[in-house]
1. With (1) more than 14 Å from every other protein chain (Cβ to nearest Cβ); (2) surrounded by fewer than 20 Cβ atoms within 10 Å (Cβ to Cβ) as the list, and residue A:173 as the residue in question, which single condition is left unmet?
2. Would you mind stating whether residue B:160 is touching a residue at least 40 places away in the same chain (Cβ under 8 Å) and either surrounded by 16 or more Cβ atoms within 10 Å (Cβ to Cβ) or not acidic (Asp, Glu) (or both)?
3. Which residue pairs have Cβ atoms under 6 Å apart, sit 6 or more places apart or on different chains, and have a first residue in the stretch C:285-297 that is under 15 Å from residue C:372 (Cβ atoms) and a second that is surrounded by fewer than 17 Cβ atoms within 10 Å (Cβ to Cβ)?
4. Out of the residues in the stretch A:179-206 meeting the condition of being at the interface with chain B (Cβ under 10 Å from one of its Cβ atoms) and in a strand (DSSP E or B), tell me which one is nearest to residue B:112 (Cα to Cα).
5. Under 8 Å by Cβ, and 6 or more places apart or on different chains, what pairs join a residue from the stretch C:26-39 that is buried (at least 22 other Cβ atoms within 10 Å of the Cβ) with one that is of a type in the set (S, T, N, Q)?
6. Taking the residues in the stretch C:128-149 that are in a loop (DSSP other than H, G, I, E, B) and out of contact with any strand residue (DSSP E or B) (no Cβ under 6 Å at 6 or more places or on another chain) as candidates, determine which candidate is nearest to residue C:66 (Cα to Cα).
7. Would you call residue A:316 without any contact (Cβ under 8 Å) to a residue 40 or more places away in the chain, among the β-branched types (Val, Ile, Thr) and surrounded by fewer than 19 Cβ atoms within 10 Å (Cβ to Cβ)?
8. Taking residue B:191 as the residue in question, decide whether it is buried (at least 20 other Cβ atoms within 10 Å of the Cβ) and not hydroxyl-bearing (Ser, Thr, Tyr).
Amino acid sequence: MIKFLLKGLFRDKSRSLLPLIVVAIGVMLAVFMRGYINGIMVDMIEQTARFNTGHVKVMTKAYSDNMSQAPNDLALTNVSELKKNLRNDFPDIEWVSRIKFGGLIDVPDENGETKSQGPAMGIGLDLFSPGSDEARRLNLERSLVRGSMPDSEGEVLLSEDFSRKLDTGPAKDVTLIGSTMNGGMAIFNFRVAGTVRFGNTGMDRGTVIADLQDVQHALNMDDAAGEILGLFDSGYYEDETAAPVVRKFEDKYTDENDEYAPVMLRLRDQEGLSIYVDMSKSMGFIITFIFIVAMSLVLWNAGLLGGLRRYGEIGIRLAIGEEKGHIYKTMIYESVMIGFAGTIIGTAFGLGLSWLMQTYGLDISEFTKNATTGVMMPDVVRARITPPDFYIGFIPGVLSTVTGTMLAGIGIYKRKTAQLFKELET
Amino acid sequence: MKKVIVILLSVFSVAAYAQPTADEIINRVDKNMSAENQVVESQMTIHGRRASRTITSVSYTVGDKKSFTEYLSPPREEGTKMLKLEDQLWIYSPTTDRIIQISGHMLRQSVMGSDLSYEDMMDDRKLTDVYSAELTGNEEIDGRQTWVLELEATVPDIAYASRKIWIDRERYVPLKEELFAKSGQLLKRSIMSDITRVDGRWYPMVIVYKDMMKQGEGTEFKITDIKFNQDIPEYIFSKAALKQ
Amino acid sequence: MKLAIKLAFKNLIGAGLRTWLNVIVLSFSFVIIIAVKGILVGWDRQAKNDMTEWEIGGGQYWHEDYDPYDAFTLEESHAPVPGEFTPEIEQGDMVPVLMTRGTIYPQGRMQSILIKGIDPEQTLLKLPTNKLDTAVAAIPAVIGSNMAKTKKLEIGDYITMRWRDANGTFDAADIFITGIFTTNVPTVDVSQVWIPLDSLQSMLLMPGEATTLTFRNREKARQDTGEWKLMTFDELVSDIEEMIKTKSVGQSIFYIILLILALLAIFDTQVLSIFRRQKEIGTYIALGYTRRGVVGLFTVEGAMHAILAALVGAVYGIPFLIWFANKGISLGVSSADYGFAMAETMYPAYSLGLIAGTTILVLVATTIVSYWPSRKIAKMNPTEALRGKLQ
């Protein structure tokens, strides 16, 4: 019988095509929507993770107590060994070293004497290692205003407003005056490769981004780093992923008596992000729920419409003696098939769209007229695919389509044979 | 009546101890400590929270207005030079080949991470010109008798509103100095020790500076070699010499 | 036309469940667009409100050298308050604030802070400056909760603060924490202490001087005066506006999709009703309706979904939105992380423009998708249609 029904569906486009398209589009929207909402909800968290907190962050205990001052005299040492161990112990986490530092940026005139000077806050991150994702992670390339990305030793990015204030720019030399890890004076020359926008006035007014090795060199921090950020391979923060990591880490690395022993903080534990993490979950759930309900209503309606569309056909089938129950049953079977087919197609398209948006993101800079593009304000909206996206579509896609058909089908039982021929005449 | 007592007392004290006035003491100290010029090799040990490090340098000083310092070690600081002329200060760093003028707020930074700020080094006015001194007592420090002088600022543009100096009564060398805020809060303390006779002068070979507000053990400044009245070529006190 | 509307309404209600399903979905779009946009409007309003109440009032005058992002400028950026402002200050409509850099040493680590002097009796800003009006041995000070947390300070704590006066002479004294306030405006909280203006002026040897002047009245026409640069309210809140703008673009995709979904259902309904009601269409034309008239009738019928949706949406939406506006949505992100005013709980706000705009948007969109399939009617052969022949 299934074969027969399929044949019918294939041959009668009005029976199959339109409902299928409606189901598929609906499911696609639902799946994509979920991915999109999830993407938006976690975006703020991930932005903080990428820029500042990591999904987990390793630093010395003493450093973590004074985290807001970026106290590099309390930085981690023997970082390469520590990172090697971390990589072995937690292969699913990418570990990246960062150094935050403060200092003065001094711009020389043609005689090499100070022309202008300004206080700066700096971030050292791995820009040059092959395979390093740091530049992309901070959205640096897209935030470039002038010049280009640093591609060789000693090249840095300055925030655009800062470089204007200091009257410097790409291909010009600047000197960092800061303090070394052990408190000495650090003087180091950099060449400005480009300027970036952060989208946060404070940072725009005085930020320098340099390669980690250069910073280590400049601040006498060989094999040292203020912070090691751990970023989950999944790309997203989850308490469930973080908890065992922290437990395992504490067992192995933490030493209560040594203030320079490494400690690990989850994203949730930093900067009051915990409530936001919780909220993003429940908000995501609420929005998905509303959307699925709406979707179900639409597909229910589509089921009803499908039944009505075939009013005439069913009349004929009744007239030639087909059992009402049988017609009802075949209609439901058909709707199950349509529902499944539509859901599968829709889910595939929805996931595809979400995947595109997860991988490439949607560039909204056109809408914001580029005014707000910046490191701290990514102008690319990304979706996020989670496991439920693979099956969530079946709720509206199959359940609602079938429900709609079932409700519409009840009409069959109300029809009177005597009137059938009259209807057929027209 | 009061006046009489003061006069009596002072006459009495001069007679008994040959006690000089505060200004006289300071002048004696000045005479003992300063020379036409001096060349000092030193090591400065900075005690950090985590580790200590030692920086060696050689300084050439002429009078109070001109001074030139070259850092010798560790390798990181080697070749870094500092030139002070009147009230200006430049630093040359060989790795960057830049001469940077330390001015404004940068003067308030610490020198090489020590408990001394550039500004502490810069103020070269004679103590008697900017403070009014008063002899307030006698104390014993490490078995040496000292005069205790209290100095109050007489000019407005000065970093420390008051100071307290303990001076060895026999050798005219300060053994201890404390710097105070306007409110009287103790800000910095330096303790001199290892008083040695060099070319007929008594000189403290070790000075420990401590910023009293910060935790830590402070900065130890140790003279490894000191020579007075040398032939110092004039050209080293120029910006051009920094780059050489 | 009146007849057309009446007819359209009857047809629509006659379709029963199908209509109501469409209407409910469309009403979802309505309510959610308003709710979600309301969050942004509320956020914008609240952030500006907080800034007004805590920091900027109706605008500020800055000393021309003052740069809030460069603490080193503070040594230069102070001047006597111009006499022309005396009446405003006396009426409590202007608050001078003097700032300088200082140092504190919690746990023996040297940390730079900002010392701000403000009149304890001021009422223009929400800062609990009345707590500064206490006679204690040390200098009374109020600090924000972020400052208290990061520097591990509590009410009743003494801490030594060091600063330099106008001549550069070091001075140090204990401050006594008399109050800790919680604010969403990090620029009055992070790394700073508030002490009485008189005390700071005499500590710095800067009698009668200030760094900024915050005024209450936003409307009054003002201009730069002497060393004082006017910073209008709009200039001071421009950061927030940019942030909101970016957020609103990302958000709009969300309701566009929701709207598409609802419109998809209406489109499907329209296609079917035109297909099923060919006889009816034929009849209308036979009775003398123009084709355009019939297209209009069907379009009105479809568009009426939007009107019904607005009504249905109002029934459950108004209570929901009111509840939502009162309860707010907790963000839990501390404003200090973002560097500008951001409340931990955002209360949505709905403007008339927002509601009207949304209604028009939904109505127009619905009309378009209703009209789209109806165009087919114009191409129908009326006699065939009358006979119910499929076309």
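The values are calculated or read from the model by the stated rules, or taken from the named source; none is laboratory data. This is a predicted model, so every value here is computed, not measured. Don't worry about glycine lacking a Cβ; one is built from the backbone with ideal geometry, like all the others, and counts go over all protein chains shown.
1. Every listed condition holds for residue A:173 apart from (1).
2. So residue B:160 fails the test.
3. C:295/C:378
4. If we take residues in the stretch A:179-206 being at the interface with chain B (Cβ under 10 Å from one of its Cβ atoms) and in a strand (DSSP E or B), then A:185 is nearest to residue B:112 (Cα to Cα).
5. C:26/C:366; C:30/C:358; C:30/C:359; C:33/C:358; C:34/C:358; C:37/C:248; C:37/C:251; C:37/C:358
6. Here the residue is C:133.
7. No; evaluated as a whole, the condition is false for this residue.
8. yes
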